[in-house]
Number of protein chains: 2
Amino acid sequence: MRKPAARPRNAFYAQSGGVTAVINASAAGVIEGARVHRRHIGKLYAGRDGIVGGLTEDLIDIAAESRATIKALRHTPAGAFGSARFKLKGLDQNRAEYERLIEVFRAHDIGYFFYNGGNDSMDTALKVSQIGATLGYPITCVGVPKTVDNDLPLTDCCPGFGSVAKYIAVSTREAALDVASMARTSTKVFVLEVMGRNAGWIAAAGGLAGEKAGDPPQVILFPEIAFDEAAFLARVKQSVDGNGYCVIVVSEGTKYPDGRFLAEAGTRDAFGHAQLGGVGPVIAQLVKDRLGYKYHWAVADYLQRAARHIASKTDVEQAYAVGRAAVDYAVKGMNAVMPAIIRKSSAPYRWKIEPVPLAQVANVEKKVPRDFITADGFGITASCRRYLAPLIAGEDYPPYRNGLPAYAKIRGKAVKRKLRTDFVV
Amino acid sequence: MRKPAARPRNAFYAQSGGVTAVINASAAGVIEGARVHRRHIGKLYAGRDGIVGGLTEDLIDIAAESRATIKALRHTPAGAFGSARFKLKGLDQNRAEYERLIEVFRAHDIGYFFYNGGNDSMDTALKVSQIGATLGYPITCVGVPKTVDNDLPLTDCCPGFGSVAKYIAVSTREAALDVASMARTSTKVFVLEVMGRNAGWIAAAGGLAGEKAGDPPQVILFPEIAFDEAAFLARVKQSVDGNGYCVIVVSEGTKYPDGRFLAEAGTRDAFGHAQLGGVGPVIAQLVKDRLGYKYHWAVADYLQRAARHIASKTDVEQAYAVGRAAVDYAVKGMNAVMPAIIRKSSAPYRWKIEPVPLAQVANVEKKVPRDFITADGFGITASCRRYLAPLIAGEDYPPYRNGLPAYAKIRGKAVKRKLRTDFVV
């Protein structure tokens, strides 16, 4: 807790890491929140391409954007201001980056830093707060949670996840109907590869496509469960024998018992190049080789995290709410915190936002607990379903023009630079 | 033209080939159409798993389905009655299959045959009509057009295509925003593989994602244009240099100048297995090897043709309309015809349904004309855009329950068999 600033200070907002269908809704929350706190927050700048814009003094003047554009960010996927895969190193390794950031903040009288990202970003926000104090430039740093991986601790869920979860659940249900309707004479096994390198939350969401035992997907492969080839093949065969087909949702991070990713199976093409595909084709080929079934596979890749057209209403509301809350916390002088989503009840679903210390969030990864996965390792339990169901609830369709979603595009007017020094990232 | 039957005859409806997001809307059109023509049509049966159900005398009693279920078929993707990849051979090669079908039709007093499929199915419907006459069992055969490939002649477009086109256009726009927002520090090239083995209509639809020159997708690869590796790589480099990134939509049927599919590039894994992936990863790897850019790729596969959640309203309406029209034609005694969609104007979009002879539809494939593709072979022209735009117009969202689309499931009550003979397909 810090004493609120006596005069308005400027604020810096940056998007970080892999973007989502709703990270711009959080941006809208921050921007509209800052607007109602003019007594504390002067100008609001965004980093062009995230923290890279901060380091290179490439700031976007948000005041130059129309209110309609900001409103439309709520229904626009991806990072409207640009995001970056750029992790500031530890203080010991590269103090220069932190010092440069403080230099830019000082030049633009930035007293508030809102960092919209996942695990790494929460760690960075914490460090910026600490180094600022050390360098005699106290700055209020608030993290805004965002990650499709749903792997942040302390918060019940992460904005971005609910929409991917909905997309994967809907797509699995639809593709399963396709496979089921043609299985007699055509494809018997369908494999859908989904994101999730270490945590299987997105794969788990595929399980929502079915409503009762035996419904597709008949197999889910989680990064949390070591891949048991024999048990897997037996389950696929059982499903094809019983249902006529088998739908498999596989997490990109599925691993062999020895820890190797299935996607890095060491396969090479004729030129010696490493295997092109992801885990989806690896699983499909395994089924073909060992059981002989005709297969199809899909890799949703960016389609899943950009699919604003089928975003979860709950997710959009939470993404906006954490943006607003971040500003509320900052102007109250709360430092090094993150707004977390606290579940009050599952049915009916009720939630609230509360601050949690960044120090307890940074670098902790929340995986799917074992009791959310069925004993056989191939499905989700009733408690997992209770947890996931409210997160995909509700539709929040974007407006359409000529048959396509009308997504916002920012002007992106640059703030006049004040420093004479350049910084190469 | 045949004299309308003096007494009601029963009817047989079958779904054929790859299913779509709207083939069940055509089924609803046939079913609701038959209901208003009770003077001509007695009972309506559906083949379980398409024509296979016809051959094996496995008929579904549509009267056992509730009106609510039939209504819900309009918003349910895939083949509710089951579809089949099963092509009846030529009359010379396998007359037994045709004779069996007529035997089943005779046993159930079936005087109308509605076959809902693509090129092959239109050919089958025509042949059934001919062989019926030869065997002294005249039957009125009407084709109901369906194919995501949009490759049937005489009809302006094919039900099923508009919804895939919308899905691909929307997904391309969304993924492009994702790539653009992170390109500075992450993925530079994104590849989306779409369906279309011989005709590039679906790939062309990806072009609708952009609105002006330079907008993503910067490259579209069509089956109609021989793959020019040097020109392709130059274009990708130009886009990355100019925009910071490049979005590529590639048709699964893209070929080398010698006619080989890119997806069959002869690559092998360490065990000598043929290349697992489709053309998407092949293109991505080529870019990586030759230009060094970080890439991501997605393969939409069944997700694209099952995506009823983002169906085109125009497509749904046309799918239903061709089903209704097929029944109208049949009861008027029109034989061996198909309802075709005739475009009256593009802006405003106006269309009507007219019958065309199956003999002129069967086995003719409509590809993307050269003047719909830009001179460089990598984009769509203004005339292509004018053609495609109305086909993706309008949204027709399914109802949702618990965050997921509530799709119909039929009871599928079997009609009592009358024949003692079995038929093995």
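The values are calculated or read from the model by the stated rules, or taken from the named source; none is laboratory data. This one's a predicted model, so the numbers in the text were calculated from it and none came from an experiment. Cβ: placed from backbone, ideal geometry, glycine included. Neighbour counts: every protein chain shown. Heavy atoms of the whole protein, side chains included, go into the accessibility calculation; ligands, DNA and RNA do not. Shrake-Rupley method; radii C 1.70, N 1.55, O 1.52, S 1.80 Å.
Counting only aspartates and glutamates at least 8 places from B:Lys332 when in the same chain, those with an alpha carbon closer than 19 Å to its own are B:Glu32, B:Asp109, B:Glu354. In chain A, a dipole from Cβ-located charges (positive for Lys and Arg, negative for Asp and Glu) runs towards its positive end, and of A:Pro217, A:Thr124, A:Gly42 it is A:Gly42 whose Cα lies farthest in that direction. For the protein assembly as shown, with the dipole built from +1 on Lys and Arg beta-carbon atoms and -1 on Asp and Glu ones, taken about the Cα centre, which of B:Ala393, A:Thr56, A:Phe227 lies farthest toward the positive end? So the residue furthest toward the plus end is B:Ala393. Percent of Cα pairs in chain A per distance bin of 20 Å, from zero to the largest separation: 27, 51, 21, 2. Remark: mean inter-chain Cβ contacts per residue of A:165-172 equal 4, using a 10 Å Cβ-Cβ cutoff to other protein chain atoms.
The lysines whose alpha-carbon is closer than 17 Å to the alpha-carbon of B:Lys255, local same-chain residues fewer than 8 away aside, are B:Lys367. Straight-line cross-link reach from A:Lys418 at under 19 Å between alpha-carbon atoms covers these lysines, not counting any fewer than eight positions away in the same chain: A:Lys43. Among A:Asp92, A:Asp49, A:Asp289, the residue with the largest mean-square fluctuation in a Gaussian network model of chain A, with springs joining Cα atoms closer than 10 Å, is A:Asp92. A:Thr314 contributes an accessible area of around 20 Å² to the protein surface, as traced by a 1.4 Å probe with all chains present. Per residue of A:394-406, other chain Cβ atoms within 10 Å of the residue Cβ number 5 on average. Just so you know, the averaged projected area of the alpha carbon convex hull for the range A:114-157 sits at 3.0 nm². The accessible surface of the range B:338-425, taken with every protein chain in place and a 1.4 Å probe, is 53 percent carbon and sulfur. Bridges between two residues of the protein assembly as shown, per DSSP, are antiparallel at a rate of about 40%. Using the Cβ-Cβ distance between B:Ala359 and B:Glu99 with R0 set to 25 Å, the FRET efficiency works out to roughly 0.70.
Across all Cα atoms of the range B:46-120, the radius of gyration (one decimal) and Dmax (whole number) stand at 13.8, 44 Å.
Here the Gaussian network model covers chain B, with springs between Cα atoms less than 10 Å apart; of B:Arg305, B:Arg343, B:Arg173, B:Arg343 fluctuates the most. If you look at the Cα atoms of the range A:132-255, you get an Rg and a Dmax of 18.9, 72 Å.
Largest GNM mean-square fluctuation among A:Ala311, A:Ala203, A:Ala284, using chain A with Cα springs under 10 Å: A:Ala284. Distance distribution P(r), the protein assembly as shown, all Cα-Cα pairs, bin width 20 angstrom from 0: 16, 45, 30, 8, 1 percent. Within the set A:Lys146/A:Lys366; A:Lys288/B:Lys166; A:Lys89/A:Lys409; B:Lys146/B:Lys352; A:Lys409/B:Lys188, which residue pairs have Cα atoms separated by over 24 Å? Check vs 24 Å cut-off fails for A:Lys288/B:Lys166; A:Lys89/A:Lys409. Per-residue shielding of A:187-200, expressed as the average number of other chain Cβ atoms within 10 Å of the residue Cβ, stands at 1. Sparsely packed loop sites in the range B:21-58 (the trypsin sites (Lys or Arg not before Pro) outside DSSP H, G, I, E and B with at most 13 other Cβ atoms within 10 Å) comprise B:Arg38, B:Arg39. Remark: C-alpha extents of the range A:1-150 on the principal axes read 40, 36, 27 Å, sorted largest to smallest.
Working from the Cα coordinates of the range B:126-191, the gyration tensor eigenvalues give, after taking √(5λ), semi-axes of 48, 10, 8 Å in decreasing order. Relative to its residue count, the range A:166-229 spans a Cα convex hull of 97 Å³ per residue.
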